[in-house]
1. Could you identify the single residue in V106, V32 that is at pLDDT below 95 and in a loop (DSSP other than H, G, I, E, B)?
2. For the subset of the stretch 469-482 comprising residues that are under 24 Å from the mean Cα position of the chain (by Cα) and touching a residue at least 60 places away in the same chain (Cβ under 8 Å), which member is farthest from Q535 (Cα to Cα)?
3. Tell me the residue from D34, D26, D72, D66 that is crowded, with 21+ Cβ neighbours inside 10 Å and in contact with a Pro (Cβ under 9 Å, 6 or more places away or on another chain), please.
4. Being of a type outside the set (G, A, S) and under 21 Å from the mean Cα position of the chain (by Cα), is that true of even one residue in the stretch 403-420?
5. Go through (1) within 22 Å of A289 (Cα to Cα); (2) over 34 Å from the mean Cα position of the chain (by Cα) and name the single condition D510 misses.
6. Within the stretch 267-295, track down each residue that is crowded, with 20+ Cβ neighbours inside 10 Å and part of a loop (DSSP other than H, G, I, E, B).
7. Just give me the residues in the stretch 410-425 being of a type outside the set (S, T, N, Q) and buried (at least 17 other Cβ atoms within 10 Å of the Cβ), in sequence order.
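The values are calculated or read from the model by the stated rules, or taken from the named source; none is laboratory data. All of these numbers come straight from a predicted model, not from anything done at the bench. Glycine gets a Cβ as well: all are built from the backbone with ideal geometry, and neighbour counts include every protein chain shown.
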Amino acid sequence: MRITDTSDLWWKSAVIYCVDIKTFLDWNDDGVGDFEGLAHRMDYLHELGVTCLWLMPFYPSPNRDDGYDISDFYSVDPRLGDLGDAVEVIRTARDRGMRVIIDLVVNHTSVKHPWFVASRSSKTNKYRDFYVWRDSPPKHSEPVSFPGEETSVWQLDKKTNQYYLHSFYKEQPDLNVVNPKVRDEMVKIMGFWLELGISGFRVDAVPFILDTEGVLPEEGVLDHPLDFLRSLREFLGRRSGEGMLLGEVNLPHKDQLRYFGGDDADGLTMQFDFIAMENMYLSLARSDARPLARALKARPPLPVEAQWANFVRNHDELTLDKLSESERQEVFDAFGPEENMRAYNRGIVRRLPTMLGGDPRRIRMVYSLLFSLPGTPVLFYGEELGMGENLNIGGRMSVRTPMQWAPTRNGGFSNAPASRLVAPIPDDGYSPEHINASEQRHDPDSLLHFVRKLIERNRASVEIGWGDLEILEHPVPAVLAHAVSGAEGRMIALHNFGSNPATVDLELRDTVDGTILVDLLVEGTVAVGPRGAVQLLLDGYGCRWLRVLDPGDKRLG
Ligand code: NOJ
């Protein structure tokens, strides 16, 4: 038997599901989701086919930035439970064959963190250099992350009459990564959670952590910021054979390569592909697959130990910052025409189904794409149901509404009075009455069932996580045709961004007499002609996955 490392690098063929515990399921009916609620939904997640849970920040926090402003890295927001409950969730997940990764937010703390409380108390406090202090803001400062909400990344602190750096809200002072003591604290935090059974981290705001330009230059402790990333990876490897680092690095592909650690692949193990995601929305807006095809073709090849993470939507605004101004405007016009649907002049605060006018064919086509693109798919909770958003909340928070479990009061999320819920539930055509898990579980035609099938087929197609991508040339602009080939075999997938049915003529490489294509999402087989010629039909907004089988191939179609 050939021993492959497919299970060692488990994250290369994982299906990741992002959960915000406080909006998932409220077990004690105080209006806020909790660890116990999540533990009671492990079977739901397992049934869906999820293999890895990403838990968004669950630490004690004043919640200026919805938990991304942490006041204690070693504990749990008391509304969600306690450390024991966290361990129970990690254990229950593992029992169902699922791993858990957690947010590692080490670019900043909350102003309420004891380190900052001490740091701001006097210029001579031993925690002073845990943060970045200046007599005056430098002439060339970075732009603010939340335009309209902040005006500068430097904030004057009256007590000591110096300014501190905050890349995000002023209540989130940046830690000084140049200080070796801070770096020691960071790895200690990682070590703590690894001992509790987690399998890795979604590393928040990586480029900000590493941006040490202008920070205590006189000390020059860090030879190269990326060395710090390497040291985190090294530490992780020493503590856990399976540890992975999924980095949030919203940069052009060529810069992302450096964060993977270049040819040595000793940096981040995975990174979200923001470029492909943004171009996918441009393709949707134009009903033209070519922007996405170009973005995918331009993806640099990665060493085997590195991986792209694909996503349709996350908890933030759907950023379109890497598109040109006119491209971004096209997407705004198509999917975020009203002012309250957009944030920070760069993104949209809606979920996919509302942007696509609820068209089930288009929604399914997009998720089919997500699970067929080379890389690891990452779902945001509720995407499998087609949940919408609540624009009355406003800004990025609009998409962070409670999970919709049932067509009952508060969507089955909680029995607390609606006024006490952590966030208000949508009351439009996307309310729990229309979109909920319990009804979709019993409906074989539901989106939930479709996503389950996609996950099953994805898991049975190892080449998606491990193989090489080829964009197949053909003359229909609305259709993306791609092939993924790996040691296990090859599949091709077609996605129609247009509303008209399409006929696509392809010439497949390396076929032999008798090669067939077996449909993976429906029943069907297509014979491949001489020189790999094959004609495939697609419905408007249709999608097809096809396994390439040569005569004698024992793979299941
Ligand atoms: C990225 C997170 O996704 C976002 O929600 C948060 O506001 C910033 N990092 C700061 O932690």
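1. Only one candidate passes the filter, namely V106.
2. Looking at the filtered set, the residue picked out is L469.
3. Just one listed residue meets the conditions, D26.
4. Within the stretch 403-420, one or more residues are of a type outside the set (G, A, S) and under 21 Å from the mean Cα position of the chain (by Cα).
5. Condition not satisfied by D510: (1).
6. If the condition is that a residue be crowded, with 20+ Cβ neighbours inside 10 Å and part of a loop (DSSP other than H, G, I, E, B), then G267, L268, T269, D273, A289 are the ones that fit.
7. Within the stretch 410-425, G411, G412, F413, A416, L421, V422, A423, I425 meet the criteria.
The rows are residues; the columns are (1) more than 27 Å from M397 (Cβ to Cβ); (2) out of contact with any strand residue (DSSP E or B) (no Cβ under 6 Å at 6 or more places or on another chain).
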site: H113; (1), (2): no, yes
site: R120; (1), (2): yes, no
site: N125; (1), (2): yes, yes
site: R128; (1), (2): yes, yes
site: V132; (1), (2): yes, no
site: E142; (1), (2): no, yes
site: E149; (1), (2): no, yes
site: L156; (1), (2): yes, no
